[in-house]
1. Between Val232 and Glu205, what's the calculated FRET efficiency when r is the beta-carbon distance and R0 is 35 Å? Round to 0.05.
2. Using the number of other C-beta atoms within 10 angstrom as an exposure proxy, rank Val149, Val39 with the fewest first.
3. If you plug each phi of the range 37-48 into the Karplus form 6.51 cos²θ - 1.76 cosθ + 1.60 with θ = phi - 60°, what whole-Hz ³J(HN,Hα) values come out, in order, with x for Gly and Pro?
4. With springs only between Cα atoms under 10 Å, which of Ala59, Ala159, Ala36 fluctuates most in a Gaussian network model of the chain?
5. Quote to one decimal, in nm, the extra length available between Arg48 and His107 on full extension: 0.36 nm per residue of separation minus the C-alpha distance between them.
6. So for Thr150, Thr47, Thr102, fewest C-beta neighbours within 10 Å to most, what's the order?
7. Could you go through the range 146-157 in sequence order and give the Karplus-derived ³J(HN,Hα) for each residue, using 6.51 cos²θ - 1.76 cosθ + 1.60 with θ = phi - 60°, rounded to whole Hz, and x for Gly and Pro?
8. Towards the positive end of the charge dipole of the chain, with charges on Cβ (+1 Lys, Arg; -1 Asp, Glu), say which of Leu96, Ala192, Leu181 has the farthest Cα.
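Values in this text are rule-based calculations from the coordinates and carry no lab data. Only a predicted model underlies this, so the values are computations on that prediction, with no experimental measurement involved. A quick note on method: Cβ atoms are made from the backbone with ideal geometry, for glycine too, and the neighbour counts reach across all protein chains shown.
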Amino acid sequence: MRLKSDRAILLPACLSFLLVALMPVTAFAACTSGPAPNVDWSRCQKTRLILRGADLSGANLERADLFSSDLMGANLAGANLANAHIAQARFRQANLRAATLTKAYGHRASFEEATLAGANLAKAELPRATFARADLTGADLSKADLGRVTFTGASLDGANLSKALVARADFTSATLNGADLTGAYTLLAQFAGADLSGALGLTQEQLDDACGDNDTVLPPGLKKPAAWPCPVEE
C-alpha cells in the first residue's frame, strides 16, 4: 500500500517537471522554424535576414526583433507585429494589409510602395520611416510618432491620423480624402501638392504651422497661410 501511495505522489510530480523542462525547448523551436504562414516568431531574434517574397501571412511577430531585415515583396497580410523592433527593416512592396503594428518601433523603416490598407499602426514609433507611394487606405495611425516620415504620393484616404505627430513629415502629392487629422501635430509638415479637400478635423492653426504651396487643395473654409511656401531649410 505504501508503494502505491508513493507512486501516486511521484507520478504527477514527474509529469509536471517534464512539462516545465520542455517549455523552453518548445519556445526555441518556434524561433528556428522557417518562414511560413501563421508561423510563431513572437519575441524571436530575426535581425538582418533576407526574407524577400516570404509568405508570413497571419504570422505572430509580436515583440520580434527584425532590425535591418529585408522583407521586400513579402506577404504579411494579417500578421501581428505589435511592439516589434523593425528599425531599418525593408518592407518595400510588401503586403501588410490588415496587419497589426501597434507600438512597433521602426526608425528609418522602409514601406515604399507597400500595401497597408486597414493596417493598425496606432502608437507606433516610426520616425524618418518612408511610406512613399504606399497604400494606407483606412489605416489607423492615431497617436503614432511619424516625425519626418515620407508620405510622398501615398494614399491615406480614410486613414486615422488623429493626435499623431507628423512634424516635418512629407505629404507631397499624397491623397487624404476622409483622413482624420484631428489634433495632429503638424509643425512644418509638408503638404505641397497634397489634396486636403476631404480631410477631416483639420484646423487653420494646423495649416499655419504646416507648409504647402499653390497646388495644395484645402477643405472649404480654410485658407492658405501667407507664409506658404515655407523657406527651404539649409
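1. Working: r = 23 Å, r/R0 = 0.67.
The value I calculate is 0.90.
2. Values: Val149 29, Val39 21.
Fewest-to-most ranking of Val149, Val39: Val39, Val149.
3. Result, rounded to whole Hz: x, 6, 4, 9, 10, 4, 6, 8, 8, 10, 7, 6.
4. Residue with maximal mean-square fluctuation among Ala59, Ala159, Ala36: Ala36.
5. Details: separation 59, 0.36 × 59 = 21.24 nm, distance 1.49 nm.
Extra length available between Arg48 and His107 comes to 19.7 nm.
6. Details: Thr150 23, Thr47 15, Thr102 20.
Exposure proxy ranking, most exposed first: Thr47, Thr102, Thr150.
7. 10, x, 6, 6, 9, 10, 4, x, 7, 9, 10, 4
8. Looking along the dipole axis, the top candidate is Leu96.
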